[in-house]
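Every read-out reported here was derived from the displayed coordinates using simple, explicitly stated rules and does not represent laboratory data. Just so we're clear, the structure is a prediction, and the values are computed from it rather than from any experiment. With ideal geometry, Cβ positions are generated from the backbone for all residues, glycine too; neighbour counts draw on all protein chains shown.
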Amino acid sequence: MPLSVDLTGRVALVTGGTRGIGRGVSAALREAGAHVVTCSRSEVDADVSADHHVCDVRDPDAVAALVAAVVRDHGRLDVLVNNAGGAPAADAATASPRFHDRVVGLNLLSPLLVAQAAHAVMQGQAGGGVVVNISSIAAHRPAPTTAAYGAAKAGLDALTRSLAVEWGPEVRVNAIDVGLCRTEDSDDHYGGDARVAAIERTIPLGRMARPEEVGAVAAFLASDLASYVSGARITCDGGGEPPVFLHID
């Protein structure tokens with residue numbers, strides 16, 4: 001019998017699930033058969049997500065209400081993908097304390113907050129549940145102009161391992177360390193098609209990831225194919241970043 005990722009009948013919540021990597025994750029989970037609930041800080045059209053909630057994942061009351069709504073509407077919560085995150089570029093020497101507080105809050109404390117609310121549901125239901133944290137390769141290499149973001153993602157990877165120990169066997173917890181990904185904002189972020197192409201030539205697989213490829217990894221981790229995978233950090237970066245000296249003539 002061929003192996004397949006089958007999430008039929010499972011309910012998944014994807015934070016920040018309507019743009020960029022989150023949209024790719026949502027699409028992959030739906031393709032695997034899951035019912036996907038998304039959330040973000042703004043409303044979206046029904047063709048983007050038919051089951052969407054407005055929620056600031058930094059707000060404990062809003063998160064509690066979100067998870068309660070998912071359980072009220074669907075009876076359970078099987079999969080949480082903590083995707084909401086990111087940070088604008090800033091000089092670490094001059095960025096304000098409030099800026100750093102917001103970056104760490106969104107990328108480290110919010111995933112913990114949502115995971116706590118999800119765990120309260122998952123630990124008491126048949127089959128338990130799965131948490132997938134979308135992290136970054138910035139957690140394990142220098143992240144100039146996004147120093148607080150890299151530090152927060154390193155914390156998220158450490159958090160993943162700790163929660164896997166505390167919450168097993170009912171709940172599995174894993175992380176995906178994502179490299180460069182081609183999203184709707186890539187051209188603006190990297191400075192246009194020419195610069196994106198130049199960056200892609202440095203990646204061993206020759207291109208940035210597509211959001212749905214990150215989604216495929218998330219779907220695998222959420223499925224029974226990964227039933228003995230917990231506390232893991234899976235790198236999804238196209239082979240990594242070759243040393244700088246290889247690109248110097």
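Points worth noting:
- With Cα atoms defining each centre, the stretch 170-187 and the stretch 21-73 are spaced 17 Å apart in the structure.
- When DSSP beta bridges are restricted to pairs lying wholly in the chain, around 0% turn out antiparallel.
- Simple spin-label estimate for Arg210 and Asp185 in nanometres, 7 Å along Cα-Cβ: 2.2
- A cut-off of 5 Å between modelled amide H atoms, ignoring neighbours fewer than 5 places along the same chain, links Val81 with Leu13, Val14, Thr15, Val132.
- Between the residues Ala154, Val70, Val37, the greatest Cα displacement towards the positive end of the dipole of the stretch 11-247, with unit charges on the Cβ of Lys, Arg, Asp and Glu, is found for Ala154.
- Computed from phi, the 3J(HN,Hα) profile of the stretch 172-178 under the Karplus parametrisation 6.51, -1.76, 1.60 (θ = phi - 60°) reads 8, 9, 9, 10, 10, 8, 8 Hz, with x in place of Gly and Pro.
- Counted without the sites themselves, the longest stretch of the chain free of GluC sites (Glu not before Pro) in a DSSP loop having at most 12 other beta carbon atoms within 10 Å is 44-183.
- Sequentially through the stretch 124-131, phi angles give Karplus couplings (6.51, -1.76, 1.60; θ = phi - 60°) of x, 10, 4, x, x, x, 9, 10 Hz, Gly and Pro residues having no value and appearing as x.
- Assuming charge only on the beta carbon of Lys and Arg (+1) and of Asp and Glu (-1), the dipole of the stretch 11-247 about its Cα centre is about 440 debye to the nearest 20.
- When only the Cβ of Lys, Arg, Asp and Glu is charged (+1, +1, -1, -1), the dipole of the stretch 85-184 relative to its Cα centre reaches about 100 debye.
- Here r is the Cβ-Cβ distance between Ala50 and Asp91 and R0 is 41 Å; the resulting FRET efficiency, rounded to 0.05, is 0.50.
- Multiplying the residue separation of Arg201 and Ile248 by 0.36 nm and subtracting their alpha-carbon distance yields 15.5 nm.
- Amide H within-cut-off set for Cys181, under 5 Å, with H built and near neighbours excluded: Ala209
- Selection of trypsin sites (Lys or Arg not before Pro), the stretch 122-229, meeting DSSP coil and at most 16 other Cβ within 10 Å: Arg201, Arg207
- Amide H partners (placed H, <5 Å) of Cys55, local residues excluded: Ser40, Arg41, Ser42
- Sequentially through the stretch 207-215, phi angles give Karplus couplings (6.51, -1.76, 1.60; θ = phi - 60°) of 6, 6, 5, 9, x, 5, 6, 5, x Hz, Gly and Pro residues having no value and appearing as x.
- Which labelled figure in (i) 59, 50, 39; (ii) 56, 38, 30; (iii) 55, 41, 33 is Cα extents along the principal axes in Å, once derived from the coordinates: (i)
- Cα lying deepest toward the dipole's positive end in the stretch 98-249, options Ala175, Leu246, Ala117, charges on Cβ: Ala117
- Each part reduced to its alpha carbon centroid, the stretch 78-112 and the stretch 223-246 end up 22 Å apart.
- Kirkwood Rh in Å, taken over all unlike Cα pairs in the stretch 127-249: 15.7
- Unpaired cysteine residues in the chain (no second Cys Cβ under 4.7 Å): Cys181, Cys236.
- Positive dipole terminus of the chain, leading residue within Ser96, Ala219, Gly206 (C-beta point charges): Ser96
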